[in-house]
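Reviewing the structure listed below.
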Amino acid sequence: MKKEVLCLEKVYIPPFLEDLNMHVLEGEIVGLIPINILGVDELVTLIGYGYSLHYGYVSYDGKVVNDYLDPNPKKNNVLIIDKETTLIDSLSVYENLFVIRKGFSKHLINKKMLIQQTQMLLNDLNIKISPHVLVENLSLYEKVALELVKAQILCSKLVILKDISSFINEKDIEKLHNLMRKISKKGISFLYICNHHQEAFLISDRCYLMKEGHMVKNLLPNEMTDKVMEYYSYVFEHSLSTSERQKLYDNQEKTKDIIFSVKHVFFEKLKNLSFDIHKGETIVLFDSDNSIIESLSKLLKVENFPNKGQIKLKNKNINKKDRRIALIDKKPLESNIFYSMSVMDNILFCADHKLKNLWFNHKIEKAISKALYKDLGNIVFEKDLKNLNESQLFEVLHQKILFQKPDLLVLIQPFSFLDMYQRLKNIEYYDTLKKNGVSILILALSISDTLQVADRLYFASEGKIINSYLRKDFSLLSHLHGSLPQNKS
């Protein structure tokens, strides 16, 4: 019988976790799919670092490490991996693995021995990385792989991976899954947190569904199917399959007007990148090997210019102050919202080119806030954005774009880090923009739900477009990890 590595019993941390129960066995890969995001961060903190409990207890590696009677919870030997790596970029691979770690106390370092030990560990897991290379020169996948090697050295019994597909491309996700399976056979367990069930099902031995800070279902292998998930995500699936919504995309007529074009662009990893977008069209650019998004984002933000080629919006170059284009970053509540400004100032921040004398005529703002009150309620009068929750902040951001009404909206991985409910709200918002004639470019490392709002998919690799698909052909892409729109019946 396998040993229990982690056990949470009747854990209660109001208002985040309520009567939460879960367990992870030795060498097990357990998925965690948040139907909504409430309590996920608190759960990770509780497992890794401890948290004051209102009720319940946590045991790790056979010992009770946290209970409601103990005011001093203990930090556990759990490795948490997300985009913010614990590795030090300026040091080599072997230095990160052995020198910079708890318990290393040697005054004289036997460099040759450490390099040999590093090479043995890497060879054992078939990781093709030199012990001498600086971490700053590694890919994101290689950094995560190195973190997993570190887990072995630190004798961690549990590794938590959070939203990995939001920064690692699909090809590397497959390699990562193979590496996880090898390491799990050595007795290390994994908690794999992601927002899309199809991704979790690929790697997990079983899966927990979490909603409102509570585990609503422990899915066993025979229950890890799309059909079972439809029961728990009925609102999501039903909203996406309404006939009215399908008509919006099925009846999309491709206009002759090309509103945005990228022609033979060379810059950093971009190698002769070319594509175009028509008026009112939504395009997903799927970056299969992480060679496009970062470089193209710099050009669209006008932080840099192409070495060769052209980027045109309505046959004109774009510039930093260009209100014809709007860009929503991967973590928009950190980069696209101004917390020092009121809700209405945020909403109208990019609308002054359409509303003359906006900042000098308070009657205009007052009339707009009155009109918005019907949909947004009292938050239109809020002066401090820190009083708003995540859903309300997204409403502010979406209203801001609606008032700007750009010709082109660029979305960078718009479904990353979001729970099912917020993803649905975002989809409804993108539908609204489509009805208003706004063209949308989605830059994606993973498919997730992007094809639900797409008219065309561009498949990119090695810095260029290698294939394209129309919406009617998306059913051919079942090998990709994400939700596909229903075909017109």
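A few remarks follow.
- Filtering the stretch 398-439 to residues that are hydrophobic (A, V, I, L, M, F, W, C) and modelled with pLDDT of 90 or more leaves 401, 402, 403, 408, 409, 410, 411, 412, 427, 433, 438.
- When residues of the stretch 220-235 are limited to those that are surrounded by 14 or more Cβ atoms within 10 Å (Cβ to Cβ) and touching a helix residue (DSSP H, G or I) at 6+ places or on another chain (Cβ under 7 Å), the one farthest from residue 421 (Cα to Cα): 224
- Only one of the numbered conditions (1) in contact with a strand residue (DSSP E or B) (Cβ under 6 Å, 6 or more places away or on another chain); (2) surrounded by 21 or more Cβ atoms within 10 Å (Cβ to Cβ); (3) closer than 20 Å to residue 300 by Cβ is not met by residue 447, and that is (3).
- Sole residue being exposed (fewer than 13 other Cβ atoms within 10 Å of the Cβ) and not basic (Lys, Arg), chosen from 419, 375, 352: 375
- Scanning the stretch 300-336 for residues that are touching a residue at least 40 places away in the same chain (Cβ under 8 Å), out of contact with any helix residue (DSSP H, G or I) (no Cβ under 9 Å at 6 or more places or on another chain) and under 26 Å from residue 166 (Cα atoms) turns up 300, 331.
- Taking the stretch 259-275 as the range and being in contact with an Asp or Glu (Cβ under 8 Å, 6 or more places away or on another chain) and either within 16 Å of residue 410 (Cα to Cα) or of a type in the set (S, T, N, Q) (or both) as the test, the residues that pass are 259, 260, 261, 262.
- The residues listed here are 144, 159; of these, the one that is closer than 19 Å to residue 27 by Cβ and within 23 Å of the chain's Cα centre (by Cα) is 159.
- Against the list (1) in contact with a Leu (Cβ under 6 Å, 6 or more places away or on another chain); (2) closer than 17 Å to residue 277 by Cβ; (3) not β-branched (Val, Ile, Thr), the condition residue 444 fails is (1).
- Filtered residues of the stretch 375-396 (kept if in contact (Cβ under 8 Å) with a residue 40 or more places away in the chain and either of a type in the set (Ser, Thr, Tyr) or part of a helix (DSSP H, G or I) (or both)): 385, 386, 390, 393, 394, 396
Here's the yes/no breakdown for (1) of a type outside the set (Val, Ile, Thr); (2) surrounded by 15 or more Cβ atoms within 10 Å (Cβ to Cβ); (3) out of contact with any strand residue (DSSP E or B) (no Cβ under 8 Å at 6 or more places or on another chain); (4) not in a helix (DSSP H, G or I):
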{"site": "118", "(1), (2), (3), (4)": "no, yes, yes, no"}
{"site": "122", "(1), (2), (3), (4)": "yes, yes, yes, no"}
{"site": "128", "(1), (2), (3), (4)": "yes, no, yes, yes"}
{"site": "132", "(1), (2), (3), (4)": "yes, no, no, yes"}
{"site": "141", "(1), (2), (3), (4)": "yes, yes, yes, no"}
{"site": "145", "(1), (2), (3), (4)": "yes, yes, yes, no"}
{"site": "150", "(1), (2), (3), (4)": "yes, yes, no, no"}
{"site": "155", "(1), (2), (3), (4)": "yes, no, yes, yes"}
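For (1) crowded, with 21+ Cβ neighbours inside 10 Å; (2) farther than 25 Å from residue 458 by Cα, each residue gets a yes or a no:
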{"position": "371", "(1), (2)": "no, yes"}
{"position": "379", "(1), (2)": "no, yes"}
{"position": "383", "(1), (2)": "no, yes"}
{"position": "388", "(1), (2)": "no, yes"}
{"position": "392", "(1), (2)": "no, yes"}
{"position": "408", "(1), (2)": "yes, no"}
{"position": "412", "(1), (2)": "yes, no"}
{"position": "428", "(1), (2)": "no, no"}
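- Answer residue from the stretch 32-83, given it is basic (Lys, Arg) and either assigned to a loop (DSSP other than H, G, I, E, B) or touching a residue at least 60 places away in the same chain (Cβ under 8 Å) (or both) and is surrounded by the fewest Cβ atoms within 10 Å (Cβ to Cβ) among those: 75
- Residue that is of a type outside the set (S, T, N, Q) and under 24 Å from residue 176 (Cβ atoms), where the choices are 89, 19, 67: 89
The values are calculated or read from the model by the stated rules, or taken from the named source; none is laboratory data. Note that the structure is predicted; figures quoted are calculated from it, not measured. Virtual Cβ from ideal backbone geometry, glycine too; neighbours counted across all protein chains shown.
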